[in-house]
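To keep things clear, I will list the structure first and then write my remarks on it.
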Amino acid sequence: MMVAVAMMTAVSANAQSESNMWVKPMVGGTLATVTKVNDTKMKFGLVAGAEFGYHVIEPLAITGGLLVSMQGTKAKDNPAMKDFSWTTTYLNIPIMANYYIVKGLAVKAGIQPGFLLGSKVKYKVNEGMGWIDFESTSTDNMKKFDLSIPMGLSYEIADFVIDARYNLGVLKIAKDSEKMVDGDAKNSVIMLTVGYKIPL
């Protein structure tokens with residue numbers, strides 16, 4: 001009986017490992033900035049969500065996900081302003097083709113629609129008699145829809161997946177240039193996550 005149970009367990013585990021479909025909860029961090037804005041630097045944020053995957057053929061899989069991502073940028077201090085931090089939060093939907101070069105290692109690329117969930121700007125302004133804090137959560141001048149091209153690599157260790165990708169923004173994130181440093185500003189995001197594949 002013990003041998004039979006062991007054999008059934010082994011068969012079940014093998015069937016799960018060869019499943020063509022899976023869901024992958026994932027969490028990690030972002031290093032983001034906004035292009036066309038002078039004197040900016042990368043801003044750290046968090047990203048979390050899940051992706052669904054399907055193996056079409058042996059080397060190729062398609063994934064689709066829902067990720068809540070903190071993006072934005074920081075700016076270098078100057079005599080008139082300091083501690084500038086702009087945090088934007090998006091619900092991103094990456095749809096990607098994953099090509100496995102060797103077992104466990106995949107290159108990936110696709111398209112990523114995104115929807116703005118919120119924005120927060122904080123900085124200090126020098127009014128001559130001291131620094132005054134300024135904060136705004138307005139999204140009036142921001143476009144609610146974004147589009148990026150994600151590309152990167154992933155590596156699987158057992159059922160854990162380390163995923164590194166770059167999201168290249170292709171749409172302007174501002175409605176006009178009057179309230180932004182540059183109306184051509186676009187998102188630019190590096191993302192690193194760890195996920196766990198659950199066969200379906």
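The selection criterion, being among the small types (Gly, Ala, Ser) and exposed (fewer than 14 other Cβ atoms within 10 Å of the Cβ), does not hold for Ala106.
Counting just the residues of the stretch 38-55 that are among the hydrophobic types (A, V, I, L, M, F, W, C) and at pLDDT 95 or above, which one comes out surrounded by the most Cβ atoms within 10 Å (Cβ to Cβ)?
Val47
Could you please find all residues in the stretch 160-192 being surrounded by 14 or more Cβ atoms within 10 Å (Cβ to Cβ) and either at pLDDT below 90 or over 18 Å from Lys108 (Cα atoms) (or both)? Listed by number, the residues that qualify are Lys172, Ile173, Ala174, Lys175, Ser177, Met180, Val181, Asp182, Gly183, Ala185, Lys186, Asn187.
The values are calculated or read from the model by the stated rules, or taken from the named source; none is laboratory data. Note that the coordinates shown come from a computational prediction; the quantities given were computed from them, not determined experimentally. Cβ: placed from backbone, ideal geometry, glycine included. Neighbour counts: every protein chain shown.
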